[in-house]
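To keep things clear, I will list the structure first and then write my remarks on it.
The values are calculated or read from the model by the stated rules, or taken from the named source; none is laboratory data. Owing to the predicted nature of the structure, the values given are computational and were not obtained by experimental measurement. Every residue, glycine among them, receives a Cβ derived from its backbone with ideal geometry; neighbour counts consider all protein chains shown. Surface areas here come from the heavy atoms of the whole protein model, side chains and all, with no ligands, DNA or RNA. Shrake-Rupley method; radii C 1.70, N 1.55, O 1.52, S 1.80 Å.
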Amino acid sequence: MADLFFGRARRLACQGGGIGRFGEPVEFDRPPGRLGVVSRLTFSVFPSCYPPRMKKRLEQGSLIVLVLVTVQLVIPSAGAARATWWSLVPPVLAISLALAFKDVIVSLFLGVWLGASMLAGGNVALGFLRVVDTHMRGALVDSDHVSIILFSLLLGGMVGVMSRAGGTHGVVRLLEPLATTPRRAQLATWVMGVLIFFDDYSNTLIVGNAMRPVTDRHGVSREKLSYLVDSTAAPVACIALVSTWIGYQVSLLSDALKAGGSPLNPFSIFLASIPFAFYPVLALATNFTAAVTGRDFGPMLNAERRARLGEVSSPTAQPLADYESSGLAPEDDTPRRWLNAALPVVTVVLVTLVGLLVTGWQALAKEGVAHPGLSRVVGASDPFTVLLWASLLGITLAIGLAVAQNLLSMREALEAAVRGFKSMLMAMVVLTLAWSLGGICSGLETAHFLVKAVGPHLAVTLIPAAVFVVAALVSFATGTSWGTMAIMTPLAVPLVLSSAAVHLHHHLVAETVAAILGGSVFGDHCSPISDTTIMSSMASSCDHVDHVRTQLPYALLGALAALLLGYLPEALYDVPSWVSMPVGVAAIFAWFYLVGRPVDDEGLLAGTGGG
């Protein structure tokens, strides 16, 4: 009977039909290749009539089912997984699947699901429900996360109005005499990224949105744009004397020094750590070299050559924010006035700067601090509130300019803003899942396991190098630089104070602090689950996995140069930083000329790579 039934089903399916719930023949309106069968058992019933693509999907589906069954059998409970190698599995799974299959949402969801199942006592079904009712909801009730979402949406709406009113096209025309080649467009992006040093979130969203039309115009790939945006934001902010990072860094360091019983001044230690900031400086040197030499290597080289031929995004790209297909192009008769884009962007920058000063002074005044320095004022500010002010005023001005000049009616301006909001939806989903996965890593104590695994069996002088490696691993796995600093600083600084001679404390603590900052920034802007990496993809309208895949070799180059030419020579041979830093920069330039290739090599793109 079974053979009769399955034989009949096979024949009907190959003819575009099937078996109904009572055994009657059923005709399908769609081809059998889209029946949605997901198991290898069902596939074996229909071996001859499915196309290769459907067979591949069936194999993937059956693999997922097999993995879920296996996971339910072997998954540990939260108690058994905490601070063990199991705690690495959720982030490693999410990152590996994202890089392998280029589907970041599904990959992140599976990683969150697996981690939620561990925290739910090893129950896969209960973990599936906990993804939404506990972890995603928990990520969205965090006030800082909500601020980032609102800021991103408002800035997306501002960009939508600017585009619809012709402002972004006007900026392109204005910059054409300056950014006349791909190299100059990239250099302009790098310079803007360095100049907006006061906050990494502001840097990412402002530079990406402002420079995207310019780099598109000159055939620079979205992958290269997102790399330049991502790799100037945090490296600059973490070593700037006036930034939203400095207060957080100094406060962590102050607590760690007190815990270690040290009388050292935390701000002086931070200043002393800047000469040892090997990774941030070498990361900036790497993207500067990539911008001005016209040479690239690895996946970025392929992306740049594709872009010079007219495709700024890969054919299979799924941009996190898509302004081109959102109906935001201006009408043909709309004037292209650059001020309609420049004024809102400048407003966002100025309001952010003034707001940081105002909120910082207010916070210090409540604490009774008299005559604080500029760095301390900015460090005490409330950047998330300020970013909300800036984005609200920016979108308001963009709408006002468009309506006042009769470029758009109020209804059209609001519709453009809403389209801008919608263009950010995918990025918001990815951000929420990434935050959820970060929370799960915290619950599973992933970072503590990594710290414990690398461990205390080190010579004192090697602690900064080891701390850099561990901080990079922690931030890559958890997707947070500030979280990594909060974990590593109270562990590493007291370790140095208790292990080293007193006369070495100032030097070794400063170098260790620099290693914590550098490792945190490296992992954060390379990890697919990092919010700044996601925001860089979003602001550049780049496929997120394409961004991570093309940026990673460049970030690894900077990290290896920092470790091999910075921290290790200083630890083993006492090479001063003023020697090792220029050597690292020179090595990066040499790498690009020895390993990198001109984008227009082999006559593929003659005449397009000059500058």
Subset of region 165-192 [modelled with pLDDT of 85 or more and crowded, with 18+ Cβ neighbours inside 10 Å]: Ala165, Pro182, Arg183, Arg184, Ala185, Gln186, Leu187, Ala188, Thr189, Trp190
From the set of residues in region 249-294 that are within 24 Å of the chain's Cα centre (by Cα) and not aliphatic (A, V, I, L, M), which is modelled with the lowest pLDDT? Gln249
Residues of region 498-513 being of a type in the set (A, V, I, L, M, F, W, C), part of a helix (DSSP H, G or I) and open to solvent by 20 Å² or more (accessible area, probe 1.4 Å), in sequence order, are Val502, Leu504
Within region 323-337, is even one residue part of a helix (DSSP H, G or I) and of a type in the set (Lys, Arg)? no
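The rows are residues; the columns are (1) surrounded by fewer than 22 Cβ atoms within 10 Å (Cβ to Cβ); (2) in contact with a Pro (Cβ under 7 Å, 6 or more places away or on another chain); (3) over 22 Å from His525 (Cβ atoms); (4) among the hydrophobic types (A, V, I, L, M, F, W, C).
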position: Ser268; (1), (2), (3), (4): yes, no, yes, no
position: Ile274; (1), (2), (3), (4): yes, no, no, yes
position: Leu282; (1), (2), (3), (4): no, no, no, yes
position: Arg305; (1), (2), (3), (4): no, no, yes, no
position: Ser313; (1), (2), (3), (4): no, yes, no, no
position: Thr316; (1), (2), (3), (4): yes, no, yes, no
position: Pro319; (1), (2), (3), (4): no, no, no, no
Taking the criterion of being open to solvent by less than 50 Å² (accessible area, probe 1.4 Å), at pLDDT below 85 and assigned to a helix (DSSP H, G or I), would at least one residue in region 590-604 satisfy it? yes
Would you say Gly439 is within 19 Å of the chain's Cα centre (by Cα) and open to solvent by 30 Å² or more (accessible area, probe 1.4 Å)? yes
If you go through Ile516, Ile487, the only one that is part of a helix (DSSP H, G or I), open to solvent by 20 Å² or more (accessible area, probe 1.4 Å) and farther than 17 Å from Leu572 by Cα is Ile487
Going through region 384-420 one residue at a time, which ones are assigned to a helix (DSSP H, G or I) and open to solvent by less than 20 Å² (accessible area, probe 1.4 Å)? Val386, Leu387, Ala390, Ser391, Gly394, Ile395, Ala398, Ala402, Ala413, Ala416, Ala417, Gly420
Pairs with Cβ under 6 Å, 6+ apart, first in region 118-146 and under 13 Å from Leu433 (Cα atoms), second outside any helix (DSSP H, G or I) and open to solvent by less than 80 Å² (accessible area, probe 1.4 Å): Arg130/Ala120
Please verify whether Leu140 is in contact with a helix residue (DSSP H, G or I) (Cβ under 9 Å, 6 or more places away or on another chain), of a type outside the set (Phe, Trp, Tyr) and crowded, with 20+ Cβ neighbours inside 10 Å, treating the condition exactly as stated. no
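One line per residue, one yes/no per condition, for (1) among the hydroxyl-bearing types (Ser, Thr, Tyr); (2) buried (at least 24 other Cβ atoms within 10 Å of the Cβ); (3) modelled with pLDDT under 85; (4) out of contact with any His (no Cβ under 8 Å at 6 or more places or on another chain):
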position	(1), (2), (3), (4)
Val496	no, yes, yes, no
Cys542	no, yes, no, yes
Thr550	yes, yes, no, yes
Ala559	no, yes, no, yes
Tyr573	yes, no, no, yes
Select the helices (runs of 4 or more DSSP H) contained entirely in region 208-306, then report the ones holding at least 2 residues which are without any contact (Cβ under 8 Å) to a residue 60 or more places away in the chain. 222-237, 246-259, 266-273
Can you pull out the residues in region 365-377 that are part of a helix (DSSP H, G or I), open to solvent by less than 100 Å² (accessible area, probe 1.4 Å) and within 19 Å of Ala240 (Cβ to Cβ)? Leu374, Ser375, Val377
